[in-house]
Structures are given as C-alpha cells and as structure tokens.
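A quick write-up on the structure given underneath.
Just so it is clear, none of the values below were taken in a lab; they were calculated from the coordinates. Being a predicted model, the structure only gives us computed values, none of them experimental. Positions of Cβ are generated from backbone atoms using ideal geometry, with glycine treated the same way; all protein chains shown enter the neighbour counts.
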Amino acid sequence: MDTSLDPHPRSAVRARALTKVYGTGAAQVHALAGVDVDFSAGRFTAIMGPSGSGKSTLMHVLAGLDAATSGAAYLGETDVTTLNDDALTRLRRDRVGFVFQSFNLLPMFTAEQNILLPLELAGASPDRAWFDTLVATLGLGERLSHRPSELSGGQQQRVAIARALIAKPEVVFADEPTGNLDSRSGAEVLSFLRRSVRELGRTIIMVTHDPAAAAYADRVVLLADGRIAGDIQDPTPEAVLTGLDALRQLETTSPAVEA
Ligand SMILES: Nc1ncnc2c1ncn2[C@@H]1O[C@H](COP(=O)(O)OP(=O)(O)OP(=O)(O)O)[C@@H](O)[C@H]1O
Ligand SMILES: [Mg+2]
C-alpha cells in the first residue's frame, strides 16, 4: 500500500521517482533514492527523519534550490527539474517562500522593510491589506520600526515568516524554523505557522527534528535513507515518537531492506 499519497484533493507540490546523488564513484551518496510524495495545498506538513535521511535535500530540490539527478518535482503543474536558471530564479522569487533556522534578516533594515523586501526586489507594489493581516496574525504590530538586533529570536523568526508570506507564494518551505529558539518562542512560531495555514489558507512544508513541533502540523511525512518511510495524519507527539522509533527498529534490524 502506498501511504505517501495524501488524500487531500489538490497538490501544491509533488515528487515522482525523485533522486539526488551527490559525488561520484566510491564517494557517491544517494541523498534521495526515489521519492514519491504529494503535499496538499492549504495544509501544514512536517518532514521528519534521522540526520542525513535527505530532508533538506528534498526541500531544496522541491524548491528549485538544488538540481535533481532524476525524476520529477512539480510545483503546481510546473516540473521544476526541467527549468533553466532564469526560470528557476523567477520561480523562487514569485512562487516559493523560505524560512530558515537562522532568520536571515537584513540587519540595517526595520522589520517592516524586511517583510516588504521580496516585493521590493520583484518590483511589485505591496497589498496593504495583506501586509496588515500578516502583521496582525504574527503579532508584529508593535515591532515594525525595530531592527532585527532590537527583536527577540522568536520575533525575528515571525518577521521572517511574514517576509516568506508577503508575496502569497504557492508554498512556504521552512527548514528547522524553530531550531534556534527556546521552547516558548518555538511554540509561538509554530502556532503562527499553523494559523497561516488554517486562517490564511497558506501551504507550508516544514522540516523539524522535534516531535512536539511536528505535532503542530496536519500531517507528518517520515524520511529514511532518502525514501518515504511513513506518513502520519493529524499527528500527536506520541504518534510521531512511535513512528520515529519504528524507523530506528527498521534501520537496526534490516539495514539492507528495499522499499
Ligand atoms: N552538498 C553535498 N555534497 C555531498 N553530500 C551531501 C551534500 N548535501 C547533503 N549531502 C549528503 O546527503 C545526505 C542527505 O543530507 P541532508 O542534508 O538532506 O540530510 P538531512 O535529513 O537534512 O539531515 P539533518 O537532519 O542533519 O539536517 C547526507 O548523507 C549528506 O551527507
Ligand atoms: Mg537538514
């Protein structure tokens, strides 16, 4: 049974037989060894798995930040693996948002300027109502004129999330967005990510190591050795832990198992 296909109707992102091989000869690493997965629009999905299982690679290939070795990676109906560099640059600018572990804000700009930067770069004029909605949803109203150094880590990450959402991208990819935050600011950021999906209809795909963080998502996809190894709908922290334990059992008892 293929459990990696999400029952939710419209896919924002799809991978088909996706592979990524780094290096050559004896040094070859099969970071993605044939990934088939659908990520539904309007949902919050977490990707989990052991270190080195291919989580960041999957996200980078899906987002057009890194080239695939074979297979297809669709954003909507566009196979990003077929695009040239110019088309990829436009796709990343116009259709995808990113949130990283390190907040990557520009230090000399205020929170407001950081949020509006993607529109500035695209030469697009801001939708003021959407800006206000994001600022209210992310609780940034009192902080707009502050520079990053005058903000807490959690506030900086909320600015980074608003920046990722300002151009209404089809999907936001977040790689360990709470990795640098204490548990309270992390919980705040996760609540905001969930609200962005539930109340603002956005689509978010997040890599995390933390089962409690993953439980904020609507669904958890498990990755092991570059393959999809599990799929949990409406995850609880307990269900995620059980799923990760099952992966470890698999790894220790049958290292040569083929999916
Ligand atoms: N640029 C690269 N060159 C060579 N090998 C790489 C490169 N990037 C990743 N890899 C290898 O590909 C595999 C998958 O790496 P990836 O970063 O996707 O894992 P991950 O699941 O994100 O791990 P972590 O949880 O530690 O962030 C690993 O074996 C890694 O060493
Ligand atoms: Mg990673």
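For the chain, a simple Cβ point-charge model (Lys and Arg +1, Asp and Glu -1, everything else neutral) yields a dipole of about 460 debye relative to the Cα centre.
How many angstrom lie between the Cα centre of the stretch 182-229 and the Cα centre of the stretch 21-51? What the calculation gives is 17 Å, centre to centre.
Only four residue types carry charge here, +1 at the Cβ of Lys and Arg and -1 at the Cβ of Asp and Glu. Report the dipole size of the stretch 25-102 about the Cα centre in Debye, rounded to the nearest 20.
It works out to roughly 280 debye.
Here the Karplus relation 6.51 cos²θ - 1.76 cosθ + 1.60, evaluated at θ = phi - 60°, turns the backbone of the stretch 139-144 into coupling constants of x, 10, x, 7, 10, 5 Hz, with x for every Gly and Pro.
Looking at the chain, send over the antiparallel percent of its DSSP beta bridges, to the nearest 5. Beta bridges within the chain, antiparallel portion: roughly 60 percent.
Provide the net charge surrounding residue 113, with neighbours chosen by a C-beta distance below 14 Å and charges set as Lys +1, Arg +1, Asp -1, Glu -1. Counting the neighbours of residue 113, the net charge comes to 0.
Think of it as helices only: each DSSP H run of n ≥ 4 in the chain is worth -39500 (n - 2.57), and spread over all residues that comes to -10500 deg cm²/dmol at 222 nm. Beta-bridge orientation, the stretch 169-245: approximately 60 percent antiparallel, per DSSP, counting only bridges with both partners inside. Pick out, from 144, 96, 197, the residue whose Cα sits farthest towards the positive end of the charge dipole of the chain, with +1 on the Cβ of Lys and Arg and -1 on the Cβ of Asp and Glu. The Cα lying farthest towards the positive end belongs to 144. For the stretch 1-105, trypsin sites (Lys or Arg not before Pro) meeting the loop criterion (DSSP other than H, G, I, E, B) and having at most 12 other Cβ atoms within 10 Å: 10. Charges were assigned to the Cβ only: +1 to each Lys and Arg, -1 to each Asp and Glu. The resulting dipole of the stretch 207-256 about its Cα centre is roughly 120 debye.
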